[in-house]
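Note sheet for the following structure.
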Amino acid sequence: MREQMEKRDGGPLVSADRESAAFDGVELKSVDPEVALGKLVAFAMDTEYSSGLVDNRLIWPEGGEQDTGHMGPWVVTLDDKTRDTLAGVPARRVPDLARRWADIEEFGGLLTPDDLRSALEQLTALATRARDNGESLYCWMCL
């Protein structure tokens, strides 16, 4: 992961153009791992959202925790609980979860349940592939 970030000068690792993508992934906008994804995970777990529900750890740039002026990009790794929760979402729950997810304050009404249904289907498929292959989920972010 770090090698690819250096090679791409921090550029995106996932692309709609599969040929230029460094990794299997899903391209999403406005979905930060802490809050927006955390609320989805809470819905999927049938629990209340709380800060830290999705445990993520910065892995790029190295030492980025100390650089408060860094404006991105960043890469974090997500915990296996998050991966496994997303992988365990049955298809029958996707429409309801997408509807609930679309209502979160962070999206400000800009994303529809249909938009998020597709994103959720892609996320659950990615999480399933990662779990089945013993791999982690990562999130590339930039402001």
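Just so it is clear, none of the values below were taken in a lab; they were calculated from the coordinates. These figures come from a predicted structure and were not determined experimentally. Backbone-built Cβ (ideal geometry, glycine too); neighbour counts: all protein chains shown.
Relative contact order of the range 95-143, taken over Cα pairs closer than 8 Å and 6 or more residues apart, is 28 percent. Ranking 36, 73, 89 by how far each Cα lies toward the positive end of the dipole of the range 30-122 (charges on Cβ) leaves 89 at the top. Residue separation of residue 128 and residue 99 scaled by 0.36 nm, minus their Cα-Cα distance, works out to 8.3 nm of gained length. Averaging the Cα positions of each part gives two centres, and for the range 30-65 and the range 79-105 these lie 13 Å apart.
Need one word for the range 96-143: rounded, prolate or oblate. Basis is the Cα gyration tensor (sqrt eigenvalues a ≥ b ≥ c); a/c below 1.5 gives rounded, then a/b vs b/c decides. Don't jump to the answer; show the numbers that get you there.
Numbers: a/c = 3.13, a/b = 1.65, b/c = 1.89.
Because a/c hits 1.5 or more and a/b fails to exceed b/c, the range 96-143 counts as oblate.
Find out how many positive minus negative residues lie around residue 114, taking Lys and Arg as positive, Asp and Glu as negative, among other residues whose Cβ is under 15 Å from that of residue 114. Charge balance in the 15 Å sphere: -1. Per-residue packing, averaged as other Cβ atoms within 10 Å, sorts the ranges 125-131, 25-31 into the order 125-131, 25-31, beginning with the highest.
For the pair residue 81 and residue 66, label points projected 7 Å from Cα toward Cβ lie 3.0 nm apart.
The length gained by stretching the chain between residue 24 and residue 143 to full extension, at 0.36 nm per residue less their Cα-Cα distance, is 40.7 nm.
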